[in-house]
Amino acid sequence: MALADSSVMKMSKTSLPGVLILEPRVFSDERGFFLESYNQKILGEAGIEEVFVQDNHSFSRRNVLRGLHYQVKHAQGKLVRVAAGEVLDVAVDLRKSSPAFGKWQSVRLSGENHRLLWIPAGFAHGFRVISEGAHVLYKATDFYFPEFEHTLAWNDPALGVNWELDGEPVVSAKDGRGVLFKQAAVYD
């Protein structure tokens with residue numbers, strides 16, 4: 001369902017309240033392309049009025065799975081995009097007051113489809129790399145505080161996230177120790 005459709009960016013709702021898929025207009029010619037990956041005015045008109053304080057860039061190889069990460073204290077909203085490669089990006093609603101509490105949404109983001117995913121504060125976030133490698137960039141609404149980071153078990157059967165796995169994923173030791181949803185710290 002389209003939320004807004006401007007000449008610069010199309011926005012669509014997902015199954016999770018507040019999580020949006022953003023599709024910028026791409027201007028292409030024989031030289032390449034141009035797009036606006038962030039426009040404060042356009043996002044503000046869609047209700048995304050948060051201030052971004054940190055930009056992050058990660059590179060990961062095929063089948064690396066990162067997440068599911070979140071901070072209850074110093075909660076972060078994230079505007080995620082992929083500059084090169086392709087990932088399956090996942091958000092899990094951890095807001096007790098939400099009708100979608102404990103539900104997840106996945107979206108394919110790639111350097112070719114140019115999509116962005118807006119994940120407001122109150123969600124765990126992670127991704128799995130589908131391509132040979134992927135450059136993931138995201139803007140965050142609060143700073144990263146390692147002492148407040150939580151990791152939700154990416155493979156919790158109660159959540160049942162379909163990571164579209166192609167073999168065993170490559171997971172960090174920290175992500176391998178993620179807690180089950182029933183034991184996780186959540187948002188009020």
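Tabulated results
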read-out	value
Of all residues making up the range 26-49, the number that are part of a loop (DSSP other than H, G, I, E, B), surrounded by 14 or more Cβ atoms within 10 Å (Cβ to Cβ) and of a type outside the set (A, V, I, L, M)	4
Answer from Tyr70, Tyr138 - the residue that is modelled with pLDDT of 95 or more, farther than 24 Å from Asp188 by Cβ and either assigned to a loop (DSSP other than H, G, I, E, B) or not basic (Lys, Arg) (or both)	Tyr138
Out of Phe52, Phe101, sole residue that is within 30 Å of Pro157 (Cβ to Cβ) and assigned to a loop (DSSP other than H, G, I, E, B)	Phe101
Any hit, the range 107-122, residues being surrounded by fewer than 19 Cβ atoms within 10 Å (Cβ to Cβ), basic (Lys, Arg) and over 18 Å from the mean Cα position of the chain (by Cα)	no
Subset tally (residues that are closer than 24 Å to Phe59 by Cβ, outside any helix (DSSP H, G or I) and acidic (Asp, Glu)) for the range 159-188	3
Residue that is farthest from Arg108 (Cα to Cα), among those in the range 131-170 that are among the aliphatic types (A, V, I, L, M) and surrounded by fewer than 19 Cβ atoms within 10 Å (Cβ to Cβ)	Ala158
Pairs with Cβ under 6 Å, 6+ apart, first in the range 69-97 and closer than 18 Å to Glu147 by Cα and touching a residue at least 12 places away in the same chain (Cβ under 8 Å), second small (Gly, Ala, Ser) and buried (at least 24 other Cβ atoms within 10 Å of the Cβ)	Tyr70/Ala124
Verdict on Gly126 being part of a strand (DSSP E or B) and either within 21 Å of Gln183 (Cα to Cα) or at pLDDT below 95 (or both)	yes
Residue in the range 79-87 that is small (Gly, Ala, Ser), surrounded by 20 or more Cβ atoms within 10 Å (Cβ to Cβ), part of a strand (DSSP E or B) and at pLDDT 95 or above present	no
Verdict on Phe33 being more than 22 Å from Ser12 (Cβ to Cβ) and of a type in the set (A, V, I, L, M, F, W, C)	no
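The values are calculated or read from the model by the stated rules, or taken from the named source; none is laboratory data. All values derive from a computational prediction rather than experimental measurement. Backbone-built Cβ (ideal geometry, glycine too); neighbour counts: all protein chains shown.
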